[in-house]
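Following: one structure in structure tokens, then a few remarks.
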């Protein structure tokens with residue numbers, strides 16, 4: 001709903017897209033993008049198009065040294081778009097834009113060589129032989145060949161009961177491989193080795209249960225995923241991180257994506273039905289932040305964090 005009606009096609013117009021939020025609330029969602037061609041004229045045209053459609057002004061102003069304009073999306077949440085440089089932009093509530101900048105700074109500061117699991121793409125630019133990135137490039141950077149990557153900081157707090165078996169930080173990535181194959185990577189970080197050991201035992205027990213229960217084993221066999229689950233091996237990294245990598249062929253990848261798409265569409269229908277059954281909340285005026293320091297600590301929310309063509 002953020003890009004709807006703007007004329008911006010994510011697949012053709014952008015190299016990478018970041019979707020982040022400090023909570024599960026949609027109104028706090030932030031979208032940042034990297035244009036395939038360094039042409040901010042596309043952004044300006046989109047701002048004008050949305051404003052004209054809704055009969056609203058499209059005045060640009062300067063906030064914290066960056067050009068900002070109202071983004072008249074069809075969503076009920078008032079948002080603005082900020083030009084971060086000649087290639088990158090961010091769409092968010094005006095008061096959340098400093099959080100986007102703080103997230104970029106935090107990701108730039110975290111580019112020291114990573115202690116990644118064997119075969120993992122969870123590394124920084126230095127590990128990939130690239131120079132250190134700054135600003136918006138650091139915000140949207142992904143390891144080479146990564147198609148989709150999702151990161152959740154504070155994942156445990158998003159789960160009812162805050163079970164210690166849920167990692168504090170979770171990363172899920174889909175990595176392109178030769179011959180139309182892909183690798184699914186899952187990595188979770190825990191506060192202590194004891195928590196990790198308990199989570200590892202629980203995950204292994206759940207894996208065996210999936211294989212032995214006919215209710216779950218049959219769908220896995222029908223989708224061609226049973227051998228992958230049977231062969232899956234969890235690894236531990238530095239005593240507090242758990243890592244899993246599964247390589248998928250084209251048919252297996254299609255089965256997983258079809259299942260995920262159906263689940264997301266069903267969820268969207270439930271949200272739309274709930275929204276139509278209740279009145280929309282009133283939205284008040286949004287004012288620019290007085291200063292971008294000190295911003296609240298940024299945290300990414302579940303879901304795909306970014307997309308690379």
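The values are calculated or read from the model by the stated rules, or taken from the named source; none is laboratory data. Small disclaimer: the values here were computed from a predicted structure and weren't measured. Ideal geometry is used to build each Cβ from the backbone, glycine not excepted, and the neighbour counts take in all protein chains shown.
So here's what we get for this one:
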{"quantity": "Test: residue in segment 82-95 that is crowded, with 22+ Cβ neighbours inside 10 Å, touching a strand residue (DSSP E or B) at 6+ places or on another chain (Cβ under 9 Å) and at pLDDT below 80", "calculated": "no"}
{"quantity": "Some residue of segment 214-225 being within 28 Å of residue 142 (Cα to Cα) and surrounded by 12 or more Cβ atoms within 10 Å (Cβ to Cβ)", "calculated": "yes"}
{"quantity": "Contacts under 8 angstrom Cβ, first residue in segment 233-255 being over 30 Å from residue 191 (Cα atoms), partner in a strand (DSSP E or B), 6 or more apart", "calculated": "248/181; 248/182; 248/183; 248/184; 249/181; 250/181; 253/181; 253/182"}
{"quantity": "Any hit, segment 155-163, residues being touching a helix residue (DSSP H, G or I) at 6+ places or on another chain (Cβ under 8 Å), free of Cβ contacts under 8 Å to residues at least 40 places away in the same chain and either within 25 Å of residue 201 (Cβ to Cβ) or surrounded by 17 or more Cβ atoms within 10 Å (Cβ to Cβ) (or both)", "calculated": "yes"}
{"quantity": "Those residues of segment 172-192 which are outside any strand (DSSP E or B) and either touching a helix residue (DSSP H, G or I) at 6+ places or on another chain (Cβ under 8 Å) or surrounded by 12 or more Cβ atoms within 10 Å (Cβ to Cβ) (or both), in sequence order", "calculated": "180, 190, 191"}
{"quantity": "Subset of segment 145-171 (residues that are in a helix (DSSP H, G or I) and over 16 Å from the mean Cα position of the chain (by Cα))", "calculated": "156, 157"}
{"quantity": "Search result, residues across segment 16-46 that are in a helix (DSSP H, G or I), touching a residue at least 40 places away in the same chain (Cβ under 8 Å) and more than 16 Å from residue 85 (Cα to Cα)", "calculated": "26, 27, 28, 46"}
{"quantity": "Filtered residues of segment 55-77 (kept if at pLDDT below 85 and surrounded by 13 or more Cβ atoms within 10 Å (Cβ to Cβ))", "calculated": "58, 63, 64, 72, 73, 74, 75, 76, 77"}
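Okay, residues lined up against (1) part of a helix (DSSP H, G or I); (2) surrounded by 13 or more Cβ atoms within 10 Å (Cβ to Cβ); (3) within 20 Å of the chain's Cα centre (by Cα); (4) modelled with pLDDT of 90 or more:
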site: 194; (1), (2), (3), (4): yes, no, no, yes
site: 203; (1), (2), (3), (4): yes, yes, no, no
site: 230; (1), (2), (3), (4): yes, yes, no, no
site: 236; (1), (2), (3), (4): no, yes, no, no
site: 258; (1), (2), (3), (4): yes, no, yes, no
site: 270; (1), (2), (3), (4): yes, no, no, no
site: 274; (1), (2), (3), (4): yes, no, no, no
site: 279; (1), (2), (3), (4): no, no, no, no
site: 291; (1), (2), (3), (4): no, no, no, no
